[in-house]
Amino acid sequence: MGNREDLLAGARRCLEEKGYLRTTVRDIATAARVSMAAIGYHFGSREVLLNQALFAAMEEWAAGSGRLTGQGDTPEERYADTWDRKIRDFGEMSWLWIASVEAFVHAQSSPELLAILAEGQRRNRRMVAAALRGVPEDAVTEEDVRSLGSLHIALLSGVMVQVLTDPGQAPTGAELAQGLRGMVELLGESARTDG
């Protein structure tokens, strides 16, 4: 590997061991076994390097277990299985999710990072809505992006925080599916009483 690849690998190790906010230029250079100046030469800053390493790890996760297709005979069983896999990933890869939360916190004072995260969130809403509908991303409606996509992303963030905070009490996939079914029933009751 060259210095650039060594730095990305070193940054990932630092994310796994120290997180986003506590990783220093010296930590990355030491992990990569290169000079600190190499970070500036190849990436411009520690932040840019950490962002690239974090986004690469998230893309790697999304390409593997991050998909939205689970096992089961019914849509509800497949959805529950999908959530069970995600919940397992939140626990097994907690470093990735903690680093992503730390990056979000840091983004509040970094307009460049905030713009990157916002764009990623928009793409994820579209991808999720398309996967849930079973259509290509360019065929999903804006209404589904804003409703289905946004709801799923909100659930994803909320469940992730629950797993990281109190793993023993985090919901299961079946409980999430049951909760969504309950919300649909409540919304239906509300529509009947309002109408």
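The values are calculated or read from the model by the stated rules, or taken from the named source; none is laboratory data. Computed from a predicted structure; not experimentally measured. Backbone-built Cβ (ideal geometry, glycine too); neighbour counts: all protein chains shown. To get the accessible areas, we keep the full protein, side chains included, count just its heavy atoms, and leave off ligands, DNA and RNA. Shrake-Rupley method; radii C 1.70, N 1.55, O 1.52, S 1.80 Å.
For beta carbons closer than 9 Å, sequence separation of 6+ or different chains, a first residue in the stretch 170-195 that is touching a residue at least 12 places away in the same chain (Cβ under 8 Å) and a second that is outside any helix (DSSP H, G or I) and surrounded by 10 or more Cβ atoms within 10 Å (Cβ to Cβ), the qualifying pairs are Gly173/Gly70.
Scanning the stretch 126-174 for residues that are under 18 Å from Met93 (Cβ atoms) and acidic (Asp, Glu) returns a single hit, Asp166. Taking the condition farther than 19 Å from Ala11 by Cα and touching a residue at least 60 places away in the same chain (Cβ under 8 Å), does Asp81 pass? Yes. Has the stretch 26-43 got any residue that is surrounded by fewer than 19 Cβ atoms within 10 Å (Cβ to Cβ) and in contact (Cβ under 8 Å) with a residue 60 or more places away in the chain? Within the stretch 26-43 (the criterion being surrounded by fewer than 19 Cβ atoms within 10 Å (Cβ to Cβ) and in contact (Cβ under 8 Å) with a residue 60 or more places away in the chain), the answer is no, since none of the residues qualifies. Put simply, of Thr74, Thr141, Thr82 the only residue that is under 17 Å from Ile153 (Cβ atoms), β-branched (Val, Ile, Thr) and open to solvent by 40 Å² or more (accessible area, probe 1.4 Å) is Thr141.
Residue-by-condition table, conditions (1) modelled with pLDDT of 90 or more; (2) within 15 Å of Leu50 (Cβ to Cβ); (3) surrounded by 15 or more Cβ atoms within 10 Å (Cβ to Cβ):
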{"site": "Phe90", "(1), (2), (3)": "yes, no, yes"}
{"site": "Ser94", "(1), (2), (3)": "yes, no, yes"}
{"site": "Ala99", "(1), (2), (3)": "yes, yes, yes"}
{"site": "Ala103", "(1), (2), (3)": "yes, yes, yes"}
{"site": "Gln108", "(1), (2), (3)": "yes, no, no"}
{"site": "Leu113", "(1), (2), (3)": "yes, yes, yes"}
{"site": "Glu119", "(1), (2), (3)": "yes, no, no"}
{"site": "Arg123", "(1), (2), (3)": "yes, no, no"}
{"site": "Pro136", "(1), (2), (3)": "yes, no, no"}
